[in-house]
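Comments concern the structure below.
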Amino acid sequence: MAIQKGQFVEVSWAALEPSGRSDNIPESTKQVPLIARVKGFAVETTEGSDDISIVTLSGRVLRGKVCDSAPRYSHDFGKPQPELQRIGPTLRRELV
Amino acid sequence: MATYAELVKRRNEIMTRAIGFDFAQFENGGLAFDYERMMSNAGYSLAEMTRIQKDVGVGDTPLLELRNITRLARKFAPPGKGARIFLKDEASNPSGSFKARRAAISVYHAARKGYKGVAAATSGNYGAAVASQAAMRGLKCIILQEVYDSRGIGQPEILEKGRACEAYGAEVLQLTVGPELFALFLGVLDETGFFNASLYTPFGIAGIETLGVELSEQLVARTGRNPDVVVVTHAGGGNVTGTARGLQKAGAHSTQIIGASVDLSGLHMASDKDFNRKSFTTGHTGFGMPFTTWPDRTDVPRNAARSLRYLDRYVTVTQGEAFYVTEMLAQLEGLERGPAGNIALAAAFVLAQELDAEQTIVVQETEYTGAGKHPNAQMAFAREQGIEVRLGDPRDSKPGTNIIIPEQAEQLSVREVNLDDLRRSYLRNALERKNGVPLSEIEIEFLCEDSRASREFVLRMAQGYVS
């Protein structure tokens, strides 16, 4: 996948492999690598899926594999929850 | 970057340079150190902090009376009971939480000392607070967060906080679950030379004292008296410590300080499996218990947040109850605020019913709400993770398995945490570090102050540890 110089992307890398993890953590955590992710602007145009360099928002240059070429804030306001929707009407009746 | 092990070995050297503060000068031998001298030497005066915060639009937040919620509480309370419930709207701070008070002082300090940037390891509102203050002072900022589990699923509330940090121009390093985040943080400090805007420095904690002072001044202005009770969300202990110290400095010596946490017992905080099975990432027992029973577990040599000195009572509420009161606050008082900032409100609604109607109880904070934070978002996320979400009796709550939303407001309650049990845990943690060596007189006095226990209590615990 081609990344243009200056394109805002997210990269990731393994900060710690499972073998390098701390001793006193639960098994489920010890078995997986510690992955780091950060966003920044691609330093140069690149093709392929190797590590690239990015400039972060604090001005550091970091390297990683592109995990998202067009980052989006996908967290949202969820869905209306029926267990919550009944609270307002119920309490307003109490206060009448 | 140096290896994990190398960084941990050099932690004292890295931290000393990153905080620019000599903690060693307050040590009194062994377990003891001079806490009050550390706080008065390292902190800025109340007047200085008020000025620093005012300069950046922090503090002096509104105190709101929750008249409808008070009326509701009185319906369920015995005759003559049901204290007036007040709310300190800390969400109105820049960056949306009381954390701005801590960040304002920390970042001011960093700028004054000539650091080019600030860094903090936090998945909470503190990151955005630091980023916002760094933007105001023209400093660079790096925030490290623990966000994702090994499947790459991010806790929505933490994603929102990361977004906020980036909105203020901060670099946000997002990690999967693991306490090794601390070693990476050491690496960032080592590489950049940035200031460690730790949550637990004396100036950070002291920054919250202005909140306590405002509470006293505002209540006296409104009611003629200091508040009878202040309920403070409790996690790492900074909130309780700073607020209590501020109230004391304002002369509110008979105000009762009650800490409140969401109960997450049974969930392991370093577990990849458990990480996304909780709906609260702060203000919970996963921090509240360990930090109360051993404050000096932080990234600074001595933690300025020492909650056992200040807690008069400590209660817990369930996740579902916090979501319930969040909805109640929006629907009955027209205030839409984040659920983590309403943990103390959930407790206060119940505690108000124990107090007389003429008394006053203050909820010490609110936080802003947004995508990811909102109860709708958290409950939808919980359902997706296989958590059972339903109406019912909050006493059937099992953290990590279900979220139970009360059917009636009368079902809200608080669970008491036995402070003497926590004192015993604290003293056990302290005595273990003595390796059988008897306590000195200075250490005994220190332990009495630090755990707010009598001499007899401390000596009785010590007897079990001397060979």
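The values are calculated or read from the model by the stated rules, or taken from the named source; none is laboratory data. Computed from a predicted model, the values in this text were never measured in an experiment. Positions of Cβ are generated from backbone atoms using ideal geometry, with glycine treated the same way; all protein chains shown enter the neighbour counts.
Some observations on this one:
- Every residue from region B:218-246 that is closer than 18 Å to B:Leu66 by Cα and part of a helix (DSSP H, G or I): B:Gln218, B:Leu219, B:Val220, B:Ala221, B:Arg222, B:Thr223
- Within region B:172-228, tally of residues that are within 14 Å of chain A (Cβ to nearest Cβ) and of a type outside the set (D, E, K, R): 22
- When A:Val96 is tested against (1) in contact with a strand residue (DSSP E or B) (Cβ under 9 Å, 6 or more places away or on another chain); (2) more than 9 Å from chain B (Cβ to nearest Cβ); (3) closer than 30 Å to B:Glu333 by Cα, only condition (1) is not met.
- Here region B:149-171 is the region considered, the condition is being at the interface with chain A (Cβ under 7 Å from one of its Cβ atoms) and either of a type in the set (Phe, Trp, Tyr) or within 17 Å of B:Asp274 (Cβ to Cβ) (or both), and the residue that is farthest from the chain's Cα centre (by Cα) is B:Ser150.
- Any hit, region B:437-444, residues being surrounded by fewer than 17 Cβ atoms within 10 Å (Cβ to Cβ), modelled with pLDDT under 95 and more than 13 Å from chain A (Cβ to nearest Cβ): yes
- Considering (1) free of Cβ contacts under 8 Å to residues at least 60 places away in the same chain; (2) outside the structural domain of B:Phe291 (by TED's automatic domain parsing), the lone condition that B:Ser198 does not fulfil carries the number (1).
- Residue list for region A:57-72, restricted to those being within 12 Å of the chain's Cα centre (by Cα) and within 9 Å of chain B (Cβ to nearest Cβ): A:Cys67
- The conditions of being of a type outside the set (Asp, Glu), touching a Ser or Thr at 6+ places or on another chain (Cβ under 9 Å), assigned to a helix (DSSP H, G or I) and crowded, with 22+ Cβ neighbours inside 10 Å are not met by B:Ser198.
- Filter pass, B:Glu171 being in contact (Cβ under 8 Å) with a residue 24 or more places away in the chain, over 18 Å from A:Arg72 (Cβ atoms) and acidic (Asp, Glu): yes
- Test for B:Pro399: is it modelled with pLDDT of 95 or more and more than 30 Å from B:Ser216 (Cβ to Cβ): yes
- The residue of region B:361-395 that is nearest to the other protein chains (Cβ to nearest Cβ), among those that are β-branched (Val, Ile, Thr) and in contact with a Gly (Cβ under 6 Å, 6 or more places away or on another chain), is B:Thr369.
Yes/no per residue for (1) touching a residue at least 60 places away in the same chain (Cβ under 8 Å); (2) surrounded by fewer than 24 Cβ atoms within 10 Å (Cβ to Cβ):
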position	(1), (2)
B:Ile142	no, no
B:Gln145	no, no
B:Phe182	yes, yes
B:Ala221	no, yes
B:Gly242	yes, no
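- Single residue of region A:15-38 satisfying the filter (facing chain B (nearest Cβ under 7 Å) and of a type outside the set (A, V, I, L, M, F, W, C)) that is nearest to B:Gly154 (Cα to Cα): A:Arg37
Let's see how each residue does on (1) hydrophobic (A, V, I, L, M, F, W, C); (2) under 12 Å from the mean Cα position of the chain (by Cα):
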position	(1), (2)
B:Arg245	no, no
B:Ala252	yes, no
B:Asp272	no, no
B:Thr285	no, yes
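- Test for B:Ala47: is it without any contact (Cβ under 8 Å) to a residue 40 or more places away in the chain and either in a helix (DSSP H, G or I) or not acidic (Asp, Glu) (or both): yes
- B:Asn28 in contact (Cβ under 8 Å) with a residue 24 or more places away in the chain and under 30 Å from A:Trp13 (Cα atoms): no
- Qualifying residue in region B:426-433 (condition: on the phi < 0 side of the Ramachandran plot and free of Cβ contacts under 8 Å to residues at least 12 places away in the same chain): no
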